[in-house]
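Here is the structure we will look at, set down as structure tokens.
The values are calculated or read from the model by the stated rules, or taken from the named source; none is laboratory data. Worth saying up front: this structure is predicted, and the values here are computed from it rather than measured. Ideal geometry is used to build each Cβ from the backbone, glycine not excepted, and the neighbour counts take in all protein chains shown.
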């Protein structure tokens, strides 16, 4: 494999406050190839959004990307760039779309203005040329009568349309990487499907790599080729999408899958993972998932598991995934000595 | 839009009628009466005073006087001053432009400075510069305007002699100056009273503006702007400040009446011959028509000010526009 488009190495993003240090992202490494779609999955508070924001250095104080982290992109470490250099990457080589199309657009500017601004700041396009570009982009993302719509303000549009506007805004400069942070969470299901379809189309047409951040394994199954599962600020499993669904290596991943509603499911209640994500100021010792894990055994408390390879491209951060890999379905293994 | 304006103007008329009534009742209920000031003038006998009052209808029952005054008002007649023997309209027409000059200099200067300081503070929130500016603005906002006026007067006029002590023009030289020279003369006289008011406005506005901007900066759309590669300056000035100006615009509308009302103390201290001084003098002379006239003009501007504030807010915030 050639050099990946983006390689994140040992990313640690901590929030420093009098109450303690919140280790929201704690030594995360992964990579994305050119034109590839990678899904990052996890529940609220697992660090996936902070990871996304860290990539463009959009973390605000008291958050800080710690020394020793690296984000390699197109031959440069983004974390060593000056303010002006990183500004030129944002919205240009790496674009981002956000979870809340309702609030992610500026209420006092027309959507055309907001899309045109990208061309103006990165291309130095004239006001008129940038506006034409905005109209083109609106047409590209499937907004009907784009010329009229460009003069609309965000509040005059539906949620789905605003998300299309955000996507249009992200695509103006034809970025090499598109980070989509929960792009469909705030939308209803039919609109979700349309937006995912649009993202897939964009990727085919422009070869854009997509980092898709979501809590929804269903979304990942439809769009991503590779999946990174995050928990407690760490990567707990990484696998090609088929492998992950066929043979999940981490109890947390299994839990997520069981928590997924499926058509034809006859149970009335959804399975849930007991408990909730512990606060990032106080991750448990050893394995961070052990308090909620049905398979936890003494070693999980004593020793933090490493991300161990299972097969090609598949790794999990679990003691059960090590070497002989006993059947995960048997908690009786807890008796095994370390 | 037209319907909106019409409705607001109708409300305005109702407000003015109420203000005229309340002021009329209050000033007649207050102790003292017109022409009493000239009592110690030996040539001015009680009989003559009574005659003057009779001539002006002040001996009539209050209800009659009220109906008469409102009748005049309906025809746009503000009556004649009791103390100055001139139409109130003429007195206001003289005083109003002077106050407008003073207060517009103060308002625009104050708001511009306040927005700038507040925005800079918010952009560097928590820095020592922000903290120092915060102390200064809270002190200025809390100070009485007459104290600041007197302090500036003592320092810059009396001690340093950089600016004149009082008035709007040089009483002896103004007539002989070239047009440009007259302009400079007025500006020179304007400097201290306008600065006094501007500093106080700026302090209040800066505190509003800082907070408004801090409220907006964590918003998602600000992050979006950063994510698309807008410079930090553009993020703060174009994206955040534009939204954070909305509360300040409301504040501006509320401050507009001061344009006409002037500041009683500041005009008095600097002997600025404007509306504030006219009102103070009229009150002490029990010059009923002038008191009513100044009150009505100020009230009218409150009405207009709130309409202007709404229009400005609609211009700045597309969500407030109709249709």
Checklist entry - Does residue A:186 satisfy being out of contact with any strand residue (DSSP E or B) (no Cβ under 9 Å at 6 or more places or on another chain), surrounded by fewer than 21 Cβ atoms within 10 Å (Cβ to Cβ), farther than 30 Å from residue A:7 by Cβ and away from chain B (no Cβ under 14 Å)? => result no
Item to check | Close pairs (9 angstrom Cβ cut-off, 6 or more residues apart or separate chains): within 14 Å of chain A (Cβ to nearest Cβ) and on the phi < 0 side of the Ramachandran plot in the stretch B:298-318, at pLDDT 80 or above and not in a helix (DSSP H, G or I) anywhere | outcome: B:316/A:108; B:317/A:107; B:317/A:108; B:318/A:107; B:318/A:108; B:318/A:109; B:318/A:110; B:318/A:153
Checklist entry - Pick from A:45, A:39: which is within 15 Å of the chain's Cα centre (by Cα) and on the phi > 0 side of the Ramachandran plot? => result A:45
Item to check | Options A:29, A:69, A:44; residue that is modelled with pLDDT under 90 and farther than 30 Å from residue A:120 by Cα | outcome: A:44
Checklist outcome for this item: Flagged in the stretch A:118-149 as within 14 Å of another protein chain (Cβ to nearest Cβ) and buried (at least 17 other Cβ atoms within 10 Å of the Cβ), in numbering order, are A:118, A:119, A:120, A:121, A:122, A:125, A:130, A:133, A:134, A:137
Checklist entry - Which one is nearest to the chain's Cα centre (by Cα) among residues in the stretch B:202-221 that are surrounded by fewer than 20 Cβ atoms within 10 Å (Cβ to Cβ) and at the interface with chain A (Cβ under 7 Å from one of its Cβ atoms)? => result B:219
Checklist entry - So which residues in the stretch A:83-114 are more than 15 Å from residue A:152 (Cα to Cα), crowded, with 24+ Cβ neighbours inside 10 Å and within 8 Å of chain B (Cβ to nearest Cβ)? => result A:90, A:91, A:95, A:96, A:98, A:104
Next on the checklist: Every residue in the stretch B:293-323 that is part of a helix (DSSP H, G or I) and more than 18 Å from the chain's Cα centre (by Cα), please.
Outcome noted: B:310, B:311, B:312, B:313, B:314, B:315, B:316, B:318, B:319, B:320
Checklist entry - With (1) crowded, with 17+ Cβ neighbours inside 10 Å; (2) free of Cβ contacts under 8 Å to residues at least 40 places away in the same chain; (3) assigned to a helix (DSSP H, G or I) as the list, and residue B:193 as the residue in question, which single condition is left unmet? => result (2)
Checklist entry - Restricting the stretch A:54-82 to residues that are at the interface with another protein chain (Cβ under 8 Å from one of its Cβ atoms) and without any contact (Cβ under 8 Å) to a residue 60 or more places away in the chain, which is surrounded by the most Cβ atoms within 10 Å (Cβ to Cβ)? => result A:58
Checklist entry - Quick one: in the stretch B:222-274, which of the residues that are at positive phi and in contact (Cβ under 8 Å) with a residue 60 or more places away in the chain is nearest to the other protein chains (Cβ to nearest Cβ)? => result B:262
Checklist outcome for this item: Residues of the stretch A:39-53 being surrounded by fewer than 24 Cβ atoms within 10 Å (Cβ to Cβ) and more than 14 Å from chain B (Cβ to nearest Cβ), in sequence order, are A:43, A:44, A:45
Item to check | Hey, residue B:198 away from every other protein chain (no Cβ under 13 Å) and farther than 28 Å from residue A:58 by Cβ or not | outcome: yes
Checklist entry - What number goes with the only condition from (1) surrounded by fewer than 15 Cβ atoms within 10 Å (Cβ to Cβ); (2) outside any helix (DSSP H, G or I); (3) under 24 Å from the mean Cα position of the chain (by Cα) that residue B:171 does not pass? => result (3)
Checklist entry - From the list A:161, A:260, A:230, A:173, which one is part of a loop (DSSP other than H, G, I, E, B), in contact with a helix residue (DSSP H, G or I) (Cβ under 9 Å, 6 or more places away or on another chain) and away from chain B (no Cβ under 14 Å)? => result A:260
Checklist outcome for this item: Listed by range, helices (runs of 4 or more DSSP H) wholly within the stretch B:28-145 having at least 1 residues that are modelled with pLDDT under 85 and in contact with a helix residue (DSSP H, G or I) (Cβ under 9 Å, 6 or more places away or on another chain) are B:46-55
